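The values are calculated or read from the model by the stated rules, or taken from the named source; none is laboratory data. A quick note: this is a predicted structure, and the numbers were derived from the prediction, not measured. Because the Cβ atoms are built from the backbone with ideal geometry, glycine has one as well, and the counts that use them run over all protein chains shown.
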Amino acid sequence: MTEPSNPPGVGPTATFLKLVELLDAQGARYRVIEHPAAGKSEEVASIRGTEFGQGAKAMACKLQVSSAPAKYVLAVLAADRQLDLAALATRCQARRASLMSPKEIGAMTGCVLGAIPPFSFHPDLQLIADPELFARYREIAFNAGRLDASIVLSTDDFLRIAQPQLADIRQR
């Protein structure tokens, strides 16, 4: 478990351990890269030696649906792309989409901002991914529930294991 002296998002976390356990159980082709803590996509891509666009950016979103309770989505897209919140809202038949607050992110993902992997371990957090990321790269890279560790994972294994809904959610 995380030592009390570590900053949030640094050191082993429950999300990191669940993720590695899942990937191992599913026979995934992946590697863990430990590195100095970093949360910005461009910075961490440089540290881990991957392309900026290869990063699978996971954005925690809250959707306002007419008279129903809010819906929560983990939107995944290439790190060099921007999320189109209006397209995400339309795709999910919601009036509006916004990014979650840091408190909501912690509750839904168990992670700090910048450490969210492109996997959902919460039953109320729907996973939607932009297919362009998988068309561009044979491997994706992402922070793995920690700011000081990344995973580089086969795209095919990600799609097989995570089974995201695929939707065009990037800005044009």
Taking the range 64-84, which residues are aliphatic (A, V, I, L, M) and within 16 Å of residue 123 (Cβ to Cβ)? 70, 73, 74
Of the residues 156, 80, which is within 19 Å of residue 53 (Cα to Cα), touching a helix residue (DSSP H, G or I) at 6+ places or on another chain (Cβ under 9 Å), of a type in the set (Asp, Glu) and in a loop (DSSP other than H, G, I, E, B)? 80
Return yes or no: is residue 98 more than 26 Å from residue 23 (Cβ to Cβ), among the hydroxyl-bearing types (Ser, Thr, Tyr) and either in a strand (DSSP E or B) or in contact (Cβ under 8 Å) with a residue 60 or more places away in the chain (or both)? yes
Give me a count of the residues in the range 101-144 that are in contact with a Pro (Cβ under 8 Å, 6 or more places away or on another chain) and part of a loop (DSSP other than H, G, I, E, B). 5
Of the criteria (1) surrounded by fewer than 20 Cβ atoms within 10 Å (Cβ to Cβ); (2) at pLDDT 95 or above, which one residue 104 fails: (2)
Failed criterion for residue 168 (all others in (1) in a loop (DSSP other than H, G, I, E, B); (2) of a type outside the set (Phe, Trp, Tyr); (3) at pLDDT 95 or above; (4) closer than 20 Å to residue 24 by Cα hold): (4)
What pairs come up if the first residue lies in the range 34-61 and is closer than 23 Å to residue 100 by Cα and part of a helix (DSSP H, G or I), the second is at pLDDT 90 or above and polar (S, T, N, Q), and their beta carbons are under 7 Å apart, counting only those six or more places apart or on different chains? 44/143; 44/150
